[in-house]
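Everything below concerns the one structure shown next.
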Amino acid sequence: MPAGEPLHLAVFAWLLACVIQDWRSREVSNWLTLPPLALAFCLRLVGLIQGSLLPLLAAIAFLLLFWQRGWIGGADAKASLALALLDMQVCAWAWLGLGVWYLGLRLCYGRKCDRRLPAFVGFTAGVGALLVVEVL
């Protein structure tokens with residue numbers, strides 16, 4: 001079992017809980033987004049999570065741009081920041097899943113596609129795809 005897989009499974013389970021709430025209410029509670037964000041920040045701060053700061057800073061800048069322009073909501077931004085702090089690979093796969101999710105919706109529904117559809121579906125699909133790739 002690869003070293004990142006248990007973490008990736010936990011992230012997938014967390015995102016699945018977020019998907020359920022996001023799908024039902026189009027909102028994700030701070031109770032679901034803030035604890036993982038705080039945990040990821042603390043783990044990074046004390047050095048339990050290693051990694052280059054350059055990709056992390058680039059991810060944060062990218063995320064702030066999307067949030068500032070209103071392309072993603074606050075819960076999406078908090079979750080994405082938590083993912084970037086935890087593991088850049090997971091964050092990249094989550095955003096890849098989000099891109100595929102919205103591209104698929106756009107291809108199916110054209111301009112009628114509601115951009116307010118739950119982004120967590122895409123995040124979860126991306127992390128799920130990462131888990132499949134890790135198993136193969």
Checklist entry - Just checking, which of 38, 10 is closer than 18 Å to residue 126 by Cβ and among the hydrophobic types (A, V, I, L, M, F, W, C)? => result 10
Checklist entry - Is there a residue in the stretch 77-99 that is under 17 Å from residue 14 (Cα atoms), part of a helix (DSSP H, G or I) and among the acidic types (Asp, Glu)? => result no
Checklist entry - residue 127 is checked against (1) over 21 Å from residue 39 (Cα atoms); (2) open to solvent by less than 30 Å² (accessible area, probe 1.4 Å) and fails just one. What number does that condition carry? => result (1)
Checklist entry - For the stretch 6-53, which residues satisfy the criterion of being open to solvent by 90 Å² or more (accessible area, probe 1.4 Å) and either assigned to a loop (DSSP other than H, G, I, E, B) or touching a residue at least 60 places away in the same chain (Cβ under 8 Å) (or both)? => result 23, 26, 27, 46, 48, 50
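For residues that are more than 22 Å from residue 21 (Cβ to Cβ) and surrounded by fewer than 19 Cβ atoms within 10 Å (Cβ to Cβ), tally how many sit in the stretch 54-86. Working first, answer last.
Applying the first criterion (more than 22 Å from residue 21 (Cβ to Cβ)) to the stretch 54-86 yields 54-62, 64-65, 68-69.
Filter once more, keeping what is surrounded by fewer than 19 Cβ atoms within 10 Å (Cβ to Cβ): 54-58, 60-62, 64-65, 68-69.
Selection size over the stretch 54-86: 12.
Conditions tested, residue by residue: (1) touching a Lys or Arg at 6+ places or on another chain (Cβ under 6 Å); (2) over 21 Å from residue 33 (Cβ atoms); (3) of a type outside the set (A, V, I, L, M).
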site	(1), (2), (3)
56	no, no, no
93	no, no, yes
97	no, no, yes
106	no, yes, yes
109	no, yes, yes
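The values are calculated or read from the model by the stated rules, or taken from the named source; none is laboratory data. Predicted, not measured: the structure shown is a model, and the values here were computed from it. Every residue, glycine among them, receives a Cβ derived from its backbone with ideal geometry; neighbour counts consider all protein chains shown. Protein only, heavy atoms only, side chains kept; ligands, DNA and RNA dropped before computing areas. Shrake-Rupley method; radii C 1.70, N 1.55, O 1.52, S 1.80 Å.
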